[in-house]
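Worksheet for the structure shown next.
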Amino acid sequence: MKILAIETSCDDSCIAIAKCSAGKFELISSLISSQIEIHRKWGGVYPALARREHQKNLTPLLSQVLKKDNLLVVSKSKIKNPELKNLKNILDRELILSKKLIEFLDEYEAPRIDLIAVTIGPGLDPCLWTGVNFARALSYCWDIPIVGINHIEAHVFANDKLSIIHDKKNLPSLALIVSGGHTQLILIKKPGDYKILGETRDDAAGEAFDKIARILGLDYPGGPAIAAEAAKKSSVSSQGSKQTDKIVIKVPRPMLNTKDYDFSFSGLKTAVLYDYKKRTKKEQKSEAYIQAMASEAQQAIIDVLIKKTIKAAKDYRVKSILLGGGVTANKELRKQFQQKIKKENSRFKLYVSPPKYCTDNAAMIATTACFKQTAKNQSLDRWESIKAIPNLRIND
Ligand code: KG4
Ligand code: ZN
C-alpha cells in the first residue's frame with residue numbers, strides 16, 4: 001500500500017510518501033516547506049499567516065513529492081463540470097489553495113496512491129483545516145480513502161517507532177512528547193492503548209524555549225537558538241574563561257518535586273524575565289549574560305523533563321522510554337537522558353528519533369497511518385466526514 005501523508009498542524013507544510021505492507025514501513029520521500037523566515041519577525045507562529053503559507057506551499061510540495069516517485073503523469077482529459085463544482089465547494093474557504101490545486105488536478109492523472117493520511121489535531125485550527133481540506137479535495141478527486149491522524153500519536157511513532165512499540169520487550173512503554181504546543185507523558189500499554197499520565201498546566205516546554213529566547217533577543221524558533229547559546233557557554237567555560245563563569249544565575253525548576261507527573265513552565269519564563277529586567281542594558285546585551293541565562297534556562301527545562309519522566313517510568317515499571325517532539329531534538333537533553341539512565345543502571349531502553357524526525361514532518365504521519373492500517377484499529381474515512389479537531393487528545 002502506498003500512503004500520501006500530509007501535516008499542517010502548525011507552521012511547517014509537510015508531505016511524505018511511504019510504502020506500507022504487512023507492518024513493514026518504507027519511507028520514499030518526505031518534504032518540508034518551512035515557514036521560519038515568515039514567522040521570525042513575530043517571534044512565534046502567527047496562525048493566519050501560517051494558514052496562508054500552507055495554502056501556497058501544499059500544491060508545489062505535492063507536485064515535487066509525486067515527481068520524485070515517478071507518479072506525476074500528464075492527464076489526457078480535463079476535470080468535468082459537476083466534479084469541478086464539488087471540488088470548488090470542498091476548497092471554498094481555501095481561496096489561494098483552491099486555484100493552484102484545481103489547476104494541478106486538471107493537469108495530472110490520479111497517481112497510484114492507496115491511502116491519504118492527514119493530521120486532524122491537535123494543532124492550530126486554521127492550519128489544520130487547510131491540510132484537511134487539501135486532503136479532502138485529493139480524496140474526492142482521486143477517489144482514494146482517507147485516514148485522520150493524531151499529531152501527538154504521530155510524534156510517538158516518529159521514525160522507526162513502528163517496530164519498537166510492536167516489540168513486547170519494550171512494553172509497557174512511556175512516551176515523553178515535548179513540542180511547541182504540548183508537553184505530555186503518555187503510558188503506552190500496547191500499540192494504540194494510551195493513557196496520559198501528566199502534562200503541562202500552562203506553557204509547553206517548546207513554548208518556554210521560544211518565549212525565553214524572545215526575552216533574550218534571540219532568534220525564532222527559540223529552542224535551537226537557546227541550545228546554541230548554551231553550547232557556546234560550555235565551550236567557553238571549558239577553556240577556562242572567567243567572564244561567563246562570573247555570572248551566576250539560578251532560575252526555578254517548577255514542579256520538580258511534586259508527586260504527580262504534571263509540568264509547568266510559565267513561572268520559569270517569568271523568572272527569566274525578572275532576572276533580565278534587573279540587569280543593566282549593557283549586561284542584557286552581553287554575550288556572557290545571554291549564554292549564562294540560555295544555559296541555565298535550558299538546564300532547568302531538562303532537569304524537570306528528565307526527573308518527571310524517570311519517576312513515571314519507575315512508578316509504572318515501563319521497559320522503554322520514547323522521546324518525541326521538537327524539543328527532543330535538543331542535544332543536551334538527549335545526552336543527559338542517556339547519562340541519567342546509565343548512571344542509575346536503569347533497565348529502561350531509551351529510544352530517540354534522529355533530530356529531523358523530532359520536529360514536525362509528514363513521515364511520522366505516514367508511519368502512524370501504516371500502524372493503524374496494519375493493526376486495523378482505525379476505520380477509513382470518506383472525504384465528506386473527515387474534519388479538523390484542534391483539541392484532539394491521544395486517548396480520545
Ligand atoms: O514538534 P514541533 O516541531 O512542533 C510542534 O508540534 O509544536 O516542535 C517545535 C518546538 C519549538 O518550540 C522549538 O523551539 C522546539 O520545538 N525545538 C527545540 C529544538 N528544536 C526545536 N527546543 C529545544 N532544543 C532544540 N534543539
Ligand atoms: Zn509537533
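FYI, it's all coordinate maths here, none of it is from the lab. A quick note: this is a predicted structure, and the numbers were derived from the prediction, not measured. Here the Cβ is made from the backbone with ideal geometry for all residues, glycine too, and neighbour counts use every protein chain on show.
Side notes on the structure shown:
- Distance violations [Cα-Cα > 20 Å] among K19/K68; K190/K319; K68/K387; K2/K85: K68/K387; K2/K85
- Applying a 4.7 Å Cβ-Cβ cutoff to the chain, the cysteines left without a disulfide-compatible partner are C10, C14, C127, C141, C358.
- Of T309, T280, the sequence from fewest to most neighbouring Cβ atoms within 10 angstrom is T280, T309.
- Three semi-axes describe the equivalent ellipsoid of the stretch 244-376; taken as square roots of 5 times the Cα gyration tensor eigenvalues and ordered largest first, they are 33, 19, 14 Å.
- Peptides ranked, highest mean first, by Cβ atoms within 10 Å: ranges 134-146, 69-81, 358-370: 358-370, 134-146, 69-81
- Within the stretch 261-302, the trypsin sites (Lys or Arg not before Pro) that combine a DSSP coil assignment with at most 12 other C-beta atoms in a 10 angstrom radius are K278.
- Fewest-first ranking of H151, H54, H39, using other Cβ atoms within 10 Å as the exposure measure: H39, H151, H54
- Dividing the helix sum by the residues of the chain, where each DSSP H run of 4 or more adds -39500 (n - 2.57), gives a mean residue ellipticity at 222 nm of -15000 deg cm²/dmol.
- Pairwise inverse Cα distances across the chain, averaged and inverted, put the Kirkwood hydrodynamic radius at 22.1 Å.
- Put simply, the Cα atoms of the stretch 13-116 extend 45, 40, 21 Å along their principal axes, the longest span coming first.
- In terms of surrounding Cβ atoms within a 10 Å radius of their Cβ, S379, S30, S63, S9 rank from fewest to most as S379, S63, S30, S9.
- Ellipsoid semi-axes in whole angstrom, largest first, where each is sqrt(5λ) of the Cα gyration tensor of the stretch 78-219: 36, 23, 12
- The distance from the alpha carbon centre of the stretch 82-101 to that of the stretch 12-36 is 25 Å, rounded to a whole number.
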